[in-house]
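Could you have a look at this structure, given as structure tokens, before my questions?
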Ligand code: HEM
């Protein structure tokens, strides 16, 4: 009698193939979910760390909580077309909405702190493209990855007794993260602007621009002010009136529109494009692609910038994130911060100070 196998050979091969596919899909889920491979830090973990550092302030942004909405136009001069096929670089005038802010999660903090002064923007073109960007007044960032960002928030939490970080924790963090030294030296050597209206703002992260001919280049960009930067006295920051930086900015805007040049710096082969802690050497080619004109400061209210999310990975065709891991981390963190504050009833800082000019 002939014994037939329970499963014919072609059927066994099919089962093996199905098994392999199931395993591959499960592996992919595990990888994406962060259960295997490099440990991931979620946006929610970042929000927790920011709240641990600055306290819980329901309804406000978890970072850069103290801010002011702004609006104006970007006048493209056409020079950017060489670098990117994004419509924003075609000659023309495009509406801009955004926000000035000071770093930190406490919306009631005084302005006398040697921390980031920032500009966030959404630039729109009539064909529906959007470019969202969040920039700080420094060219580099203290840390290069999100694990270190979370560690920094934990280590630098002000001790309620002294108002200063625990020196032992900070010392241990700095010993593990020597890259922070470059940022500390940068902050010492560069001015802290006395207003948002006279400060420069930098993308810090690198991005990849591709032009209509398909040529791709790594770039960073900067908004360089036409107003002369006036530096605050860093030794007397404690004496600064609580809202001094905001008040000076509003007073300047009351005198008329404020202008910045959007200057794109092009990387050369070998320049580090995936680390926000690394400066590019001086002398890189730059292209002035147009002028940002801010003429309004608006209350931070619904319909203005209160509910905007300045996720730096929301980019028009012709611009793409670099491999800098901070970019994906920022996208996740800004989204988590927005979800939390929206769920708490989003609140506005300094809503009475702003007015339309
Ligand atoms: C290249 C480095 C960075 C720059 C230039 C930058 C810039 C900014 C700016 C300008 C804002 C204010 C946005 C606004 O006015 O709504 C902001 C907010 C924020 N940043 Fe960053 N940031 C950087 C890195 C990071 C990193 C690494 C994280 C954490 C992973 C982070 C977390 C946040 C969060 C949670 C907010 C509040 C977002 C919201 O609720 O809308 N940032 N950042």
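Hey, what number do you get for the chain at 222 nm if only DSSP H runs of n ≥ 4 count, each worth -39500 (n - 2.57), divided across all residues, to the nearest 500? Show your work: numbers first, answer last.
On the way: 7 runs with 98 residues, N = 357.
Helix-only estimate at 222 nm: -9000 deg cm²/dmol.
Further question: State, to one decimal in nm, how far the label point of residue 186 lies from the label point of residue 231, with both points 7 Å from Cα in the Cβ direction.
With each label point 7 Å from Cα toward Cβ, the separation is 1.7 nm.
Across bins of 5 angstrom width beginning at 0, how are the C-alpha pair distances of the stretch 240-312 distributed, in whole percent?
3, 11, 12, 14, 18, 14, 14, 11, 3, 0
How big, on average over all directions, is the shadow cast by the Cα convex hull of the stretch 143-243, in nm²?
Details: hull surface 39.4 nm².
Reported value for the Cα convex hull: 9.8 nm².
May I ask for the angle, rounded to the nearest 10°, between helix 146-155 and the longest principal axis of the chain, with both axes built from Cα atoms and the value confined to 0 to 90°?
Roughly 50 degrees between the two axes.
Just to confirm the number: angle between the C-alpha axis of helix 244-255 and the first principal axis of the chain, 0 to 90 degrees, nearest 10?
70
Something else: For the stretch 162-218, place one equal point scatterer on every Cα, skip the solvent, and apply the Debye formula. What is log10 of I(q)/I(0) at q = 0.16, 0.24, 0.30 Å⁻¹?
These q points yield log10 I(q)/I(0) values of -0.83, -1.02, -1.14.
Now for a different question. Go ahead and collect, in residue order, the members of the stretch 307-339 whose backbone nitrogen is under 16 Å from a label point 7 Å along the Cα-Cβ direction of residue 44.
It comes to 332-339, nothing else.
Using the eigenvalues of the Cα gyration tensor, what equivalent ellipsoid semi-axes result for the chain when each is taken as the square root of five times the eigenvalue, whole Å, largest first? Write down the numbers at each step before the final one.
Working: eigenvalues 326, 147, 86 Å².
After diagonalising the Cα gyration tensor, the semi-axes are 40, 27, 21 Å.
Any chance you could give the angle, 0 to 90 degrees and rounded to 10, that helix 167-176 forms with the longest Cα principal axis of the chain?
Orientation of helix 167-176: about 50 degrees from the principal axis.
Another question, if that's okay. Treat each spin label as a single point 7 Å out from the Cα along the C-beta direction, and report the residue 335 to residue 274 distance in nm.
2.1
I need the calculated FRET efficiency for the pair residue 114 and residue 21, taking r as the beta carbon distance and R₀ as 56 Å, to the nearest 0.05. Provide the component values of the computation, followed by the final result.
Details: r = 55 Å, r/R0 = 0.99.
Calculated value: 0.50.
Could you list 127, 307, 198 in order of exposure, starting from the residue whose Cβ has the fewest other Cβ atoms within 10 Å? It would help to have the intermediate numbers written out before the result.
Details: 127 8, 307 13, 198 20.
Listing 127, 307, 198 from fewest to most nearby Cβ atoms yields 127, 307, 198.
Same structure, new question: Remind me, what semi-axes does the stretch 246-357 give for its equivalent ellipsoid, largest first in whole Å, using sqrt of 5 times each Cα gyration tensor eigenvalue?
On the way: eigenvalues 190, 107, 27 Å².
Ellipsoid half-lengths, sorted descending, are 31, 23, 12 Å.
Cα convex hull of the stretch 53-166: how many Å³ per residue?
Values: hull volume 16.8 nm³, N = 114.
Each residue corresponds to 147 Å³ of Cα convex hull volume.
Can you sort 335, 101, 148 so the residue with the fewest Cβ neighbours within 10 Å comes first? Could the numbers behind the result be given before it?
Values: 335 15, 101 27, 148 21.
Lowest to highest Cβ neighbour count: 335, 148, 101.
As a footprinting exposure proxy, order 57, 261, 117, 137 by other Cβ within 10 Å, with the fewest listed first. Can you show the working numbers first?
Details: 57 20, 261 17, 117 26, 137 23.
Ordered by Cβ neighbours within 10 Å, fewest first: 261, 57, 137, 117.
OK, next. Return P(r) of the stretch 140-183 (all Cα-Cα pairs; 10 Å bins starting at 0; whole %; ordered from short to long distances).
Calculated P(r), rounded to whole percents: 30, 55, 15, 0.
To continue, here is another question. Can you classify the stretch 187-298 as rounded, prolate or oblate using the Cα gyration tensor, where a ≥ b ≥ c are the square roots of its eigenvalues, rounded means a/c under 1.5, and otherwise it's prolate if a/b beats b/c and oblate if not? It would help to have the intermediate numbers written out before the result.
Numbers: a/c = 3.05, a/b = 1.66, b/c = 1.84.
Because a/c hits 1.5 or more and a/b fails to exceed b/c, the stretch 187-298 counts as oblate.
Readers should treat all values here as calculations from the given coordinates under stated rules, not as data from a laboratory. Computed from a predicted structure; not experimentally measured. When we count neighbours, we look across all protein chains shown, and the Cβ atoms used for this are built from the backbone with ideal geometry, even at glycine.
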